[in-house]
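Chemist: Take this structure, written in structure tokens, and hold onto it; I'll ask about it next.
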Amino acid sequence: MTFWLLLTANSVTFGGLLFLLAAGFSLIFGLMRIPNLTHGSLFMIGAYFGATFAGGMLGTMFNFWVAALMSAVLVALFGAAIERLLLRQLPGQPLAQVLVTLGISFMVADFCLMVWGGDPIAVATPPELVGFVRAGPLVFPLYRIAVIGIAAVVAIALWLLLDRTRLGAMIRAGVDDPEMARVVGIRVSQLFTIVFALGAGLAAFAGVIGGPILSVYPGLDQYMLPLALVVVILGGSGSLVGSIVGSLVIGFIYNFGQALLPELAYFVLFLPMLLVLLLRPQGLFGRFVP
Amino acid sequence: MSARIIAYAITLVALIAVPYWISGDYYINVASQILFYAIFALGLNILVGYAGLVSLGHAGLLGITAYAAGYTLQAGFGHTTAILVALVLGVAAMAIYAVLSLRATGIGFIMITLALGEIIWGLAYRWISITGGDNGINLHGRPEPFGISLDSPSAFYYATLVVFLVALAAVAVFVRSPLGAALMGTRDQPRRMNALGYHVWAIRFWACLLSGLLTAISAVLFVYYTQFISPQALDLTASAEVLLMVISGGAGTLLGPIVGACLVVVVKSVVSGYIERWNMLLGAIFVAIVILMPEGLVPGTMRLWRLAWRKAERRSGKAEAKP
């Protein structure tokens, strides 16, 4: 019984982490209609930045949360630069844009290998969250509960942003009908930069938050990208609810799969995606078929 | 026309003479690599160039074929059986790929093939009881067609060359065939083709199978060349490398994927001897080609050549008109 409860709690934590990663991926996909193949790399480089700042590799030890925010801002700027300088060169050519993001992902991966080397870097859990929560027979790390809380806060913040602000309304208009949004005077191309930066920042933030759980190592990008892809195919692109539901479903399937069928965990993960593709190509909550 | 035939003949002679004018086993091996990667790229080009379907999961197909060959050989079967099993499984895997991914085109097709490739990578990596995980599967020995041993680099090169020429001829015939023309029709005007009564899905499906067959053939050569197969051969980087071959050379041309394979293999095996950062360079070439020369090296050079030719012609025309 404890085993199952623990597995469930771990699944929710992993789902929360996936949500932080996939929410940006989904928004970018929804608005720009391209799967951003650098998203795993942004997650990884964010995690490396966080480990560098929080681990005192630059001389000063930053507070974990400050390090996470700094990393998010840095990577958001990097994302904005990618969008402004490269993707902007290829308007209306989604295929070429995807290939550019693929190329950048290789460069980022190699850059990380060059700077931080091939050994995994462990990220220390912030001291205020070290410890365990006891609930009857269940012992669960405090940090993992905090991750669930952070994911929930980010989800609410994103919902407020998308549902209650003018910017959010503009983004939703861009997702639903980019041409019409342009016609009514929304500068959709400016939205592209904003959303790309936002998604990149969120991915980097997720990378730092995930650091104490996953640690940082070369290949983390290729480990996370397919997960984000599956979440978005499952949940539907450009939909916040879709990202939440998709992340939780994938979190559960992945953790249960790893515990019960370790050799086939990766395979089991993709089964729901295939089912969705066959039965509901736009995803569970999606607004368009990619 | 005769100039073209002479050019073909010279190229053929040069290809046959490679082991004589290139010294050193290492470079003959590089030439073999170029040839089997060119077959792989020709196979992917059928989808990317002629069908307009960009696949990011072709390394998974290569992996299935290579693992099938390795596993069958390990189980104690002969080379003929192993090759047949590998080819059949490779094409069957492509058929499954096609059924799943042809539900979409464009970005959707990329995403589904990417996911399928990652599934196969995950299986190869995790399903240790079958694939050996990270340790991979070792092969022992190469087949001996007609009693000729392929153990020496130049013998293997000639075997690869024969297969390559057959594959190239097959693709050339396919592209000029009615099916090839119909395939390009489905790339440019799928709805119109549908209205004309063509079965767009079926045409794409057959193209997928041909692409899968070429991939499987190159996979067999690959696995006999390296004598080893591990998950690294089928990760996303491997799929991206082949795609880079097709796109850098020029998608939708016969020569393009071959030039691309040449470029990538040479850069990879020669340059990586000097600098460690192969992936950085791969990414940079990718970005540069997509932004600066999206049509690829072969059509791009031809366009520049024609431009220069026309300019020169105009100039000489003026020069003649003056006196």
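Chemist: From A:SER71, A:SER105, which residue is facing another protein chain (nearest Cβ under 10 Å) and crowded, with 19+ Cβ neighbours inside 10 Å? Quick ask: steps written out before the conclusion?
Modeler: Details: A:SER71 fails: facing another protein chain (nearest Cβ under 10 Å).
So the residue among A:SER71, A:SER105 that is facing another protein chain (nearest Cβ under 10 Å) and crowded, with 19+ Cβ neighbours inside 10 Å is A:SER105.
Chemist: Might you let me know whether the range B:66-74 holds any residue that is without any contact (Cβ under 8 Å) to a residue 24 or more places away in the chain and either assigned by TED's automatic domain parsing to the domain that holds B:THR186 or buried (at least 17 other Cβ atoms within 10 Å of the Cβ) (or both)?
Modeler: From the range B:66-74, those without any contact (Cβ under 8 Å) to a residue 24 or more places away in the chain are B:68, B:72; that's our starting set.
Retained after the next criterion (residues that are either assigned by TED's automatic domain parsing to the domain that holds B:THR186 or buried (at least 17 other Cβ atoms within 10 Å of the Cβ) (or both)): B:68, B:72.
Yes: the range B:66-74 contains one or more residues that are without any contact (Cβ under 8 Å) to a residue 24 or more places away in the chain and either assigned by TED's automatic domain parsing to the domain that holds B:THR186 or buried (at least 17 other Cβ atoms within 10 Å of the Cβ) (or both).
Chemist: Condition first: surrounded by 20 or more Cβ atoms within 10 Å (Cβ to Cβ) and of a type in the set (Lys, Arg). Now tell me which residues in the range A:236-290 satisfy that.
Modeler: none
Chemist: Which numbered condition in (1) closer than 30 Å to A:MET1 by Cβ; (2) surrounded by 14 or more Cβ atoms within 10 Å (Cβ to Cβ) is the only one that A:PHE64 fails?
Modeler: The failed condition is (1).
Chemist: Can you pull out the residues in the range A:108-120 that are farther than 16 Å from A:ALA200 by Cα and within 11 Å of another protein chain (Cβ to nearest Cβ)? Please lay out each step first, then the result.
Modeler: Start the filter on the range A:108-120 by keeping residues that are farther than 16 Å from A:ALA200 by Cα, which leaves A:110-120.
The answer is A:ASP110, A:PHE111, A:CYS112, A:LEU113, A:MET114.
Chemist: For residues in the range A:11-30 being aliphatic (A, V, I, L, M) and crowded, with 24+ Cβ neighbours inside 10 Å, which is farthest from A:LEU99 (Cα to Cα)? Give the steps one after another, and end with the answer.
Modeler: As a first pass, look at the range A:11-30 and keep what is aliphatic (A, V, I, L, M): A:12, A:17-18, A:20-23, A:27-28.
Next, only the ones that are crowded, with 24+ Cβ neighbours inside 10 Å stay: A:17-18, A:20-23, A:27-28.
Values: A:LEU17: 27, A:LEU18: 24, A:LEU20: 24, A:LEU21: 21, A:ALA22: 20, A:ALA23: 22, A:LEU27: 19, A:ILE28: 15 Å.
The extreme case among them is A:LEU17.
Chemist: Next up: What is the one condition in (1) farther than 22 Å from B:THR105 by Cβ; (2) assigned to a loop (DSSP other than H, G, I, E, B); (3) facing chain B (nearest Cβ under 10 Å) that A:PRO281 does not satisfy?
Modeler: (1)
Chemist: From the set of residues in the range A:153-194 that are closer than 19 Å to A:LEU87 by Cα and free of Cβ contacts under 8 Å to residues at least 12 places away in the same chain, which is surrounded by the fewest Cβ atoms within 10 Å (Cβ to Cβ)?
Modeler: First, the residues of the range A:153-194 that are closer than 19 Å to A:LEU87 by Cα: A:171, A:174-175, A:178-179, A:182, A:187-194.
With free of Cβ contacts under 8 Å to residues at least 12 places away in the same chain added as a condition, the list becomes A:179, A:182, A:187, A:190.
Numbers: A:GLU179: 8, A:ARG182: 14, A:ARG187: 13, A:GLN190: 10.
Ranking the candidates gives A:GLU179 first.
Chemist: Also, I was wondering about something else. Restricting to the range B:83-108, and then to whatever is crowded, with 24+ Cβ neighbours inside 10 Å and more than 9 Å from chain A (Cβ to nearest Cβ), can you tell me which residue is nearest to A:VAL100 (Cα to Cα)? Let's see the steps before the verdict.
Modeler: The initial filter retains those residues of the range B:83-108 that are crowded, with 24+ Cβ neighbours inside 10 Å, namely B:86, B:90, B:94, B:97, B:101.
From the residues that got through so far, the ones that are more than 9 Å from chain A (Cβ to nearest Cβ) too are B:86, B:90, B:94, B:97.
Values: B:ALA86: 34, B:GLY90: 29, B:MET94: 26, B:TYR97: 24 Å.
Per the stated criteria, the residue is B:TYR97.
Chemist: Further, regarding this structure: Does the range B:59-66 contain at least one residue that is under 30 Å from A:LEU220 (Cβ atoms), of a type in the set (Val, Ile, Thr), touching a Ser or Thr at 6+ places or on another chain (Cβ under 7 Å) and within 14 Å of chain A (Cβ to nearest Cβ)?
Modeler: Scanning the range B:59-66, I find no residue that is under 30 Å from A:LEU220 (Cβ atoms), of a type in the set (Val, Ile, Thr), touching a Ser or Thr at 6+ places or on another chain (Cβ under 7 Å) and within 14 Å of chain A (Cβ to nearest Cβ), so the answer is no.
Chemist: Considering the range A:92-114 alone, what residues qualify as being without any contact (Cβ under 8 Å) to a residue 60 or more places away in the chain and either of a type in the set (A, V, I, L, M) or not in a helix (DSSP H, G or I) (or both)? Steps first, answer last, please.
Modeler: Just the residues of the range A:92-114 that are without any contact (Cβ under 8 Å) to a residue 60 or more places away in the chain, to begin with: A:92-93, A:95-96, A:99-100, A:103, A:106-107, A:110, A:114.
Within the range A:92-114, A:GLY92, A:GLN93, A:LEU95, A:ALA96, A:LEU99, A:VAL100, A:MET107, A:MET114 qualify.
The values are calculated or read from the model by the stated rules, or taken from the named source; none is laboratory data. What you see is a predicted model, and the numbers here were worked out from it, not measured in a lab. Reconstructed Cβ throughout: ideal geometry from the backbone, glycine too, with neighbour counts over all protein chains shown.
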